[in-house]
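> Got a structure here, written out as structure tokens. Questions coming.
The values are calculated or read from the model by the stated rules, or taken from the named source; none is laboratory data. Values in this document were obtained by computation on a predicted structure and should not be read as measured data. Cβ sites come from the backbone with ideal geometry, for glycine too, and all protein chains shown count toward neighbours. SASA here: full protein model, heavy atoms, side chains in, ligands and nucleic acids out. Shrake-Rupley method; radii C 1.70, N 1.55, O 1.52, S 1.80 Å.
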Amino acid sequence: FIPANLTIWLTQPSDMPLAPLLAMLGYMFVHGNWAHLLVNLGMLLAFGSGAARFLSPPRWLLLYVIGGALALLPHYLLDIHATQAVVGASGAISALFGGMVYMFWMIERRTGEKLGARQHALAYVAINLLLIFVPFSSSDG
């Protein structure tokens, strides 16, 4: 997904009306390198499976796609003319994680059963803070 392409599409007529929508979907399946892909797969396995226990496959996929598309909004609004591509599934995975924590919290509230919603949320935040220090790309190629 490239913000400048969406800006052009929004301001000028296009022969390809689905192109921005395909870019908003496709960026979730493209990653900067193998480390980026493996980290996202690990996070998807750890947190996406929790959401999958409570959602039907169509609802899980809908949450993934909508969450991933909404994650583009800050990138777009911060610089609508940016030409650097946004890649990765982190926004979609974060949406699945948020859905899982919300469902855990609702079950805890209704039943009194402790599922660890708070601990899951803290673990996710801690993992993401640690990943700030992991280089996913380098200028060396």
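> Of the residues in segment 107-127, how many are open to solvent by 60 Å² or more (accessible area, probe 1.4 Å) and either at positive phi or among the polar types (S, T, N, Q) (or both)?
Qualifying residue count for the region: 2.
> Restricted to segment 127-139, and to residues that are modelled with pLDDT of 80 or more and under 17 Å from the mean Cα position of the chain (by Cα), which residue is farthest from VAL39 (Cα to Cα)?
Here the answer is LEU129.
> Out of all the residues in segment 58-98, which are hydrophobic (A, V, I, L, M, F, W, C), touching a residue at least 40 places away in the same chain (Cβ under 8 Å), part of a helix (DSSP H, G or I) and open to solvent by 20 Å² or more (accessible area, probe 1.4 Å)?
Of everything in segment 58-98, those that are hydrophobic (A, V, I, L, M, F, W, C), touching a residue at least 40 places away in the same chain (Cβ under 8 Å), part of a helix (DSSP H, G or I) and open to solvent by 20 Å² or more (accessible area, probe 1.4 Å) turn out to be VAL65, ALA69.
> Given (1) farther than 14 Å from PHE29 by Cα; (2) surrounded by 12 or more Cβ atoms within 10 Å (Cβ to Cβ); (3) under 13 Å from the mean Cα position of the chain (by Cα), where does ALA46 come up short, assuming only one miss?
For ALA46, the failing item is (3).
> Same structure, new question: Exactly one of (1) open to solvent by less than 50 Å² (accessible area, probe 1.4 Å); (2) farther than 26 Å from LEU131 by Cα is unmet by LEU21. Its number?
That leaves (1) as the condition not met.
> Against the conditions (1) crowded, with 20+ Cβ neighbours inside 10 Å; (2) under 19 Å from the mean Cα position of the chain (by Cα), where does PHE104 fall short? Just the number, please.
(2)
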